[in-house]
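The values are calculated or read from the model by the stated rules, or taken from the named source; none is laboratory data. On a predicted model such as this, the values are computed, not experimentally measured, just so you know. Cβ atoms come from the backbone with ideal geometry, glycine included; neighbour counts cover every protein chain shown.
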Amino acid sequence: MRWKGRRQSDNVEDRRGMSPGGMVAGGGIGVLVIAVIVMLLGGDPSQLLNQVPADPGQTQQIDPAQDDLKEFTSVTLADTEEVWTRLFADSGEKYSAPKLVLFSGQVQSACGMAGAAVGPFYCGEDRQVYIDLSFYETMKREFGAKGDFAQAYVIAHEVGHHVQNLLGTLGKVNSARQRMSQVEGNRLSVRLELQADYYAGVWAHHARQMAGIDKQDVEEAIEAANAIGDDALMRQSQGQVVPDAFTHGTSEQRVHWFLQGFESGDPSGGDTFNARNL
């Protein structure tokens, strides 16, 4: 993926090193549960936040080694802005780009206070994407998801949730889940997450030329999607797979929907909610 020296987004807010105080997700067994769920990417942060008190005086130092990661993230966000602005315009709509907040340690969002264990997430209440850049290293170390395009896939997935929010899909799903059992709600969440994977693929399709996306990049995204499927993470964390607890889809499903979006480039083709077979 070509990103060095390219246009960076103006919609990046750097809160690294700041200490918001208050509460932070984490602690004991809870941190393991959060890590497993959220590493799937793009879950509903309101279910994972505000769990364990943190030291309000604690601050984080900014790692100079993250400078390239910050630039990469900003360039990738700029590419999502360009692609989705054009696709929305093709449908006679106006795209309102999300802000991306970089944080270290913990961060305050409109969805609550989140700790670094929560990983990347999208908050529909303030229409912002939140990323602790150290998560990229976690992807490599814990899940074997290497390469810059694996990281771009993470960003594109979260922006996919923003697209869902703009289209009204996210609000409808969150409202419907409140009237369902946990198992039924989980099944609906899977369809929501797989659609975000599809939108990530749509973005990659349209960003191929300007970002220099090649076959190796696509393989990196597939590797990442394989690593963070519900079934793969459950085997890694607890040694068994519980389908009723799936919230994001299996590795096979995540790869399938990303590739569907990548191959078609059609944002209207990712109707995971009416798909008979996921």
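Annotations
- For segment 180-212, taking the residues that are out of contact with any Gly (no Cβ under 6 Å at 6 or more places or on another chain), among the aliphatic types (A, V, I, L, M) and at pLDDT 90 or above, the one that is surrounded by the most Cβ atoms within 10 Å (Cβ to Cβ) is identified as Ala204.
- Which numbered condition Thr85 misses (of (1) modelled with pLDDT of 90 or more; (2) buried (at least 21 other Cβ atoms within 10 Å of the Cβ); (3) among the β-branched types (Val, Ile, Thr)): (2)
- Any hit, segment 188-203, residues being farther than 20 Å from Val159 by Cα and out of contact with any strand residue (DSSP E or B) (no Cβ under 6 Å at 6 or more places or on another chain): no
- Meets criteria (under 24 Å from Asp214 (Cβ atoms) and in contact with a Gly (Cβ under 9 Å, 6 or more places away or on another chain)) for Val154: yes
- Qualifying residue in segment 259-273 (condition: surrounded by 15 or more Cβ atoms within 10 Å (Cβ to Cβ), within 19 Å of the chain's Cα centre (by Cα), assigned to a helix (DSSP H, G or I) and of a type in the set (S, T, N, Q)): yes
- Only a single criterion out of (1) under 15 Å from Lys70 (Cβ atoms); (2) touching a Ser or Thr at 6+ places or on another chain (Cβ under 7 Å); (3) free of Cβ contacts under 8 Å to residues at least 40 places away in the same chain is not satisfied by Ile131, namely (3).
- The residue of segment 228-251 that is surrounded by the most Cβ atoms within 10 Å (Cβ to Cβ), among those that are hydrophobic (A, V, I, L, M, F, W, C), part of a helix (DSSP H, G or I) and in contact (Cβ under 8 Å) with a residue 40 or more places away in the chain, is Leu233.
- Residues in segment 53-82 that are assigned to a loop (DSSP other than H, G, I, E, B) and among the acidic types (Asp, Glu) were compared, and the one that is modelled with the highest pLDDT is Asp63.
- Count - residues of segment 102-161 that are within 19 Å of Val83 (Cβ to Cβ), touching a strand residue (DSSP E or B) at 6+ places or on another chain (Cβ under 9 Å) and aromatic (Phe, Trp, Tyr): 1
- Qualifying residue in segment 241-250 (condition: under 20 Å from the mean Cα position of the chain (by Cα), at pLDDT 90 or above and within 14 Å of Gly160 (Cβ to Cβ)): yes
- Taking each residue of segment 137-154 that is farther than 18 Å from Arg2 by Cα and looking for partners that are assigned to a loop (DSSP other than H, G, I, E, B) with beta-carbon atoms closer than 7 Å, six or more apart or interchain, yields Met139/Ala145; Lys140/Lys146; Phe143/Ile228.
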